[in-house]
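Participant: Handing you a structure now.
The values are calculated or read from the model by the stated rules, or taken from the named source; none is laboratory data. Quick caveat, the model's predicted, so the values are computed rather than measured. Don't worry about glycine lacking a Cβ; one is built from the backbone with ideal geometry, like all the others, and counts go over all protein chains shown.
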Amino acid sequence: MSGISPRRLLALCRKESYQIVRDPSNILIAFVLPVMLLFLYGFAINLDINLVRIGVLRLDDGPAAVSFEEQLRGTPSFEIHHGASLQALQGAMARGEIRGLVVIQNDFSTRWAHGQSAAIQVLTDGSEPNTANFVSAYVQGAWEKWQEARAPLSDGTPVPGLELRQRAWYNPATISRDYLVPGSIAVVMTVIGALLTSLVVAREWERGTMEALLATPVTAAELLLSKILPYYLLGMVAMALCTLVAVVLMGVPFRGSFLVLAGSSTLFLGAALGFGLFLSTTLRNQFEAAQAALTAGFLPAMMLSGFVFEISSMPAPVRLLTRLFPARYFTSSLQTLFQAGTVRSILVPDCLFLALLMAFWITLTARKTTRTLD
């Protein structure tokens with residue numbers, strides 16, 4: 001980028017900053033939209049199952065059957081509903097009143113007393129696979145804990161129940177919001193970064209001011225930098241606002257380095273702003289550029305970044321496709337910084353890929369930025 005005049009670049013950046021202040025849509029995009037989307041993603045998308053309504057049909061009045069039902073009642077994740085018959089409980093599940101039901105057969109206590117296998121039947125609402133898996137897992141856990149507590153020794157004395165102590169690293173309370181909010185910041189910043197710069201060059205063409213700029217000694221490099229630097233600062237302020245909202249208002253812990261966060265955010269914004277500027281330079285129409293930025297920025301960030309859907313579970317061609325999008329690496333970096341801390345083995349490769357994507361989009365935009373009207 002030879003031939004850059006600091007004076008001309010400063011004047012162009014000042015002009016673009018005035019444009020940002022004069023246009024209310026920029027303020028809405030940079031400050032209002034991120035907070036709205038962050039609260040929407042942070043509270044609307046929730047993978048936690050705190051209380052599940054299940055039905056219990058006990059056909060046996062024996063002590064073992066009664067004891068197992070009490071074990072289910074003592075499970076804090078269940079709200080137990082009784083039914084007069086299997087048909088009544090199935091009807092309640094069809095209406096969505098319960099998410100599963102447990103049937104304790106009439107020979108349960110007898111078979112258990114004679115040392116035979118005593119089975120229970122678990123029916124779940126498969127229309128919501130995630131909830132159905134939770135119901136099955138919770139009932140299985142209650143069943144295993146009950147078996148351990150009641151398994152008799154050779155002299156008939158019950159064996160003390162096993163004490164299972166679990167510990168979840170990085171997210172001890174296993175709150176899905178602590179995992180989803182950092183990823184949602186990456187999605188929000190993808191939309192913000194691409195949308196901010198997708199309008200700037202197209203706006204110049206539509207208003208006829210680009211011709212006036214091309215009549216001046218401004219170089220293509222100065223024009224490109226003047227469109228990136230002000231919006232980079234605006235994007236960093238929006239990033240700081242998102243982090244502040246996540247930590248202070250939403251209670252998401254941050255365990256990493258703010259310096260590393262700023263560095264990875266810089267690389268990501270460079271790629272996102274470069275992509276938006278490429279669309280604006282190529283399409284020269286604000287509506288088309290904004291639509292392209294939302295479609296090509298939001299959808300891949302939402303679907304292919306690992307924010308909600310696990311990348312390792314995707315087919316191999318789709319996993320390769322995810323490597324083309326900066327949101328994948330920024331999501332990984334944010335989730336690592338918020339939950340685990342500054343883990344170099346994860347952050348260094350992510351930042352390298354972000355740097356490559358930033359260089360690619362800025363270089364491509366620079367090639368499309370010419371001092372001609374064609």
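Participant: Looking at the stretch 87-96, is at least one residue within 20 Å of Leu51 (Cα to Cα), touching a strand residue (DSSP E or B) at 6+ places or on another chain (Cβ under 9 Å) and in a strand (DSSP E or B)?
Facilitator: Checked against the condition, which is being within 20 Å of Leu51 (Cα to Cα), touching a strand residue (DSSP E or B) at 6+ places or on another chain (Cβ under 9 Å) and in a strand (DSSP E or B), the stretch 87-96 yields no hits at all.
Participant: Mind listing whichever residues of the stretch 206-225 are assigned to a helix (DSSP H, G or I), surrounded by fewer than 17 Cβ atoms within 10 Å (Cβ to Cβ), touching a residue at least 12 places away in the same chain (Cβ under 8 Å) and not small (Gly, Ala, Ser)?
Facilitator: Answer for the stretch 206-225, where residues must be assigned to a helix (DSSP H, G or I), surrounded by fewer than 17 Cβ atoms within 10 Å (Cβ to Cβ), touching a residue at least 12 places away in the same chain (Cβ under 8 Å) and not small (Gly, Ala, Ser): Glu206, Glu211, Leu214.
Participant: Here's a follow-up. Does the stretch 78-96 contain any residue that is within 24 Å of Gln147 (Cβ to Cβ) and among the basic types (Lys, Arg)?
Facilitator: no
Participant: Now for a different question. Would you be able to say whether some residue in the stretch 296-319 is among the hydroxyl-bearing types (Ser, Thr, Tyr) and over 18 Å from Leu180 (Cβ atoms)?
Facilitator: No, because not a single residue in the stretch 296-319 is among the hydroxyl-bearing types (Ser, Thr, Tyr) and over 18 Å from Leu180 (Cβ atoms).
Participant: Does Arg284 fit the bill of being of a type in the set (Lys, Arg), farther than 15 Å from Ile192 by Cβ and in contact (Cβ under 8 Å) with a residue 12 or more places away in the chain?
Facilitator: Yes, satisfied.
Participant: Something else: Filter the stretch 125-170 down to the residues that are within 30 Å of Pro253 (Cα to Cα) and polar (S, T, N, Q), then identify the one that is modelled with the lowest pLDDT.
Facilitator: Gln166
Participant: What helices (runs of 4 or more DSSP H), lying completely within the stretch 234-334, carry at least 2 residues that are exposed (fewer than 14 other Cβ atoms within 10 Å of the Cβ) and either on the phi < 0 side of the Ramachandran plot or within 18 Å of the chain's Cα centre (by Cα) (or both)?
Facilitator: Answer list for the stretch 234-334: 258-283, 316-322.
Conditions tested, residue by residue: (1) touching a residue at least 12 places away in the same chain (Cβ under 8 Å); (2) out of contact with any Cys (no Cβ under 8 Å at 6 or more places or on another chain); (3) in a strand (DSSP E or B).
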| position | (1), (2), (3) |
| --- | --- |
| Leu10 | no, yes, no |
| Cys13 | yes, yes, no |
| Leu37 | yes, yes, no |
| Val56 | yes, yes, yes |
| Phe68 | yes, yes, no |
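Participant: Something else: Taking the stated definitions as given, is Gly83 surrounded by 13 or more Cβ atoms within 10 Å (Cβ to Cβ), touching a strand residue (DSSP E or B) at 6+ places or on another chain (Cβ under 7 Å) and small (Gly, Ala, Ser)?
Facilitator: Against the criterion (surrounded by 13 or more Cβ atoms within 10 Å (Cβ to Cβ), touching a strand residue (DSSP E or B) at 6+ places or on another chain (Cβ under 7 Å) and small (Gly, Ala, Ser)), Gly83 qualifies.
Participant: I need every pair where a residue in the stretch 130-147 that is farther than 13 Å from Pro76 by Cα and assigned by TED's automatic domain parsing to the domain that holds Glu79 has its Cβ under 8 Å from the Cβ of a residue that is in a helix (DSSP H, G or I) and not polar (S, T, N, Q), sequence separation at least 6 or different chains.
Facilitator: Trp143/Phe68; Trp146/Phe68
Participant: Starting from the stretch 88-116, take each residue that is assigned by TED's automatic domain parsing to the domain that holds Pro63 and within 18 Å of Trp143 (Cβ to Cβ) and list its partners that are of a type in the set (Ser, Thr, Tyr) and surrounded by fewer than 19 Cβ atoms within 10 Å (Cβ to Cβ), counting only C-beta distances under 6 angstrom and pairs at least six apart or across chains.
Facilitator: Every condition considered, the pairs that remain are Arg99/Thr131.
Participant: Right, next: Is it true that Ala194 is at pLDDT below 90 and crowded, with 23+ Cβ neighbours inside 10 Å?
Facilitator: So Ala194 fits the description; yes.
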